[in-house]
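The values are calculated or read from the model by the stated rules, or taken from the named source; none is laboratory data. Owing to the predicted nature of the structure, the values given are computational and were not obtained by experimental measurement. Cβ atoms come from the backbone with ideal geometry, glycine included; neighbour counts cover every protein chain shown.
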């Protein structure tokens, strides 16, 4: 039922302070997929595909996957993971930012949908230059298009790993309309993100 007035909302038993969510269906339109919570369902999909495709006999690293919570209210899950993981390197996966949407200045967000994964060199945190460059080198050698970027207003779980002394890098699946009920990703970017990480994990730099 569509409610156009406050009284109609209240007639459905909804009051100020009640917890409500957007619940539109996830849809595919050509090579685009849009729906709620691409942030961060798409990165879980990348991790699942990567687990299925990586050649465990060729792994150059001991591999640990972590899914975190409460990133935007203090990196709570990432802080716990950073303390418990016992690793030296960490690659955070996240979504955002793109400049190919109305009202966004490409100078603030240069990546676009369909251009490949974004490798973030810096945002509100500084990331490991050696690890970031190793990812860029992997992409170049594998002929995988990537979109290097610097964001003025952005942050990720990688910050928590950096604070705990790990070499941390950030790989982003470009996403339009983040924090809306219709976040949009491009399937090419998803696939290329999987291939970039797979190649990196199977290559000792």
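Summary table
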item: Filter pass, residue 9 being under 15 Å from residue 174 (Cα atoms) and either surrounded by fewer than 15 Cβ atoms within 10 Å (Cβ to Cβ) or free of Cβ contacts under 8 Å to residues at least 24 places away in the same chain (or both); result: no
item: Of all residues making up region 48-82, the number that are buried (at least 16 other Cβ atoms within 10 Å of the Cβ) and at pLDDT 90 or above; result: 3
item: Verdict on residue 162 being in contact with a strand residue (DSSP E or B) (Cβ under 8 Å, 6 or more places away or on another chain), in a loop (DSSP other than H, G, I, E, B), surrounded by fewer than 23 Cβ atoms within 10 Å (Cβ to Cβ) and at pLDDT below 95; result: no
item: Residue count, region 105-133 (criterion: within 30 Å of residue 30 (Cα to Cα) and modelled with pLDDT of 95 or more); result: 10
item: Flag if residue 152 is outside any strand (DSSP E or B) and crowded, with 17+ Cβ neighbours inside 10 Å; result: no
item: Among the residues listed as 102, 117, the single one being in contact with a helix residue (DSSP H, G or I) (Cβ under 8 Å, 6 or more places away or on another chain) and either closer than 12 Å to residue 148 by Cα or surrounded by fewer than 22 Cβ atoms within 10 Å (Cβ to Cβ) (or both); result: 117
item: Strands (runs of 3 or more DSSP E) completely within region 17-132 that count 2 or more residues being free of Cβ contacts under 8 Å to residues at least 40 places away in the same chain and closer than 24 Å to residue 188 by Cβ; result: 27-29
item: Only one of 117, 174, 145, 111 that is more than 16 Å from the chain's Cα centre (by Cα) and on the phi < 0 side of the Ramachandran plot; result: 145
item: Single condition residue 168 does not satisfy, out of (1) under 15 Å from residue 196 (Cα atoms); (2) crowded, with 19+ Cβ neighbours inside 10 Å; result: (1)
